[in-house]
Amino acid sequence: MIKLYHGTTTENLEQILNEGLKPCPNWDSDHIAVISLTISADKALREAFIADKTKAELGEKRKVATGYVAIEVDTDNYQVEQWQVDEWWIKEPVSANDIGPVKSIDYETAARLFAK
């Protein structure tokens, strides 16, 4: 069983736990709908913070999230593609049965740890 991690905001967690993860276009995927994954819960938290902060700075959302969550994904039932050295993609929805939160962090802590 291969475990990979997806980062998201705490505000999205309840919906994800109920409905699973759904592919969506992102900056790296050239508008192909994917679920981005990494091998580390800490990297998933960092990626969630950076994406959230960037969206707020670009005006895609009104304010940053209150916190971030790393979600562990059991990838056994999915086609996983390696995109970069430490990033993988799944192009299909991931069932709520195959995910669970493993680590969370509040915005202030994320900003101290991950801000450049």
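The values are calculated or read from the model by the stated rules, or taken from the named source; none is laboratory data. This is a predicted model, so every value here is computed, not measured. Glycine gets a Cβ as well: all are built from the backbone with ideal geometry, and neighbour counts include every protein chain shown. The accessibility values were calculated without ligands, DNA or RNA, using every heavy atom of the protein model including side chains. Shrake-Rupley method; radii C 1.70, N 1.55, O 1.52, S 1.80 Å.
For region 1-20, filtering for residues that are within 18 Å of residue 63 (Cα to Cα) and free of Cβ contacts under 8 Å to residues at least 60 places away in the same chain leaves 2.
Each row is one residue, and each column tells you yes or no for (1) surrounded by fewer than 22 Cβ atoms within 10 Å (Cβ to Cβ); (2) of a type in the set (S, T, N, Q); (3) in contact (Cβ under 8 Å) with a residue 40 or more places away in the chain.
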site: 40; (1), (2), (3): yes, yes, yes
site: 57; (1), (2), (3): yes, no, no
site: 60; (1), (2), (3): yes, no, no
site: 64; (1), (2), (3): yes, no, yes
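Can you pull out the residues in region 77-116 that are in a loop (DSSP other than H, G, I, E, B) and touching a strand residue (DSSP E or B) at 6+ places or on another chain (Cβ under 6 Å)? Across region 77-116, the qualifying residues are 78, 86, 91.
In region 68-76, is there at least one residue being in contact with a Ser or Thr (Cβ under 9 Å, 6 or more places away or on another chain), assigned to a loop (DSSP other than H, G, I, E, B) and at pLDDT below 95? So far as region 68-76 goes, no, none of its residues is in contact with a Ser or Thr (Cβ under 9 Å, 6 or more places away or on another chain), assigned to a loop (DSSP other than H, G, I, E, B) and at pLDDT below 95. Selection of region 62-98 for residues being touching an Asp or Glu at 6+ places or on another chain (Cβ under 7 Å) and among the aliphatic types (A, V, I, L, M) yields 64, 65, 73, 96.
When we screen 50, 99, 90 for residues that are touching a residue at least 24 places away in the same chain (Cβ under 8 Å) and open to solvent by 30 Å² or more (accessible area, probe 1.4 Å), the only hit is 50. Report, by residue number, each residue of region 56-74 that is among the basic types (Lys, Arg) and under 17 Å from residue 13 (Cβ atoms). Of everything in region 56-74, just one residue is among the basic types (Lys, Arg) and under 17 Å from residue 13 (Cβ atoms), namely 61.
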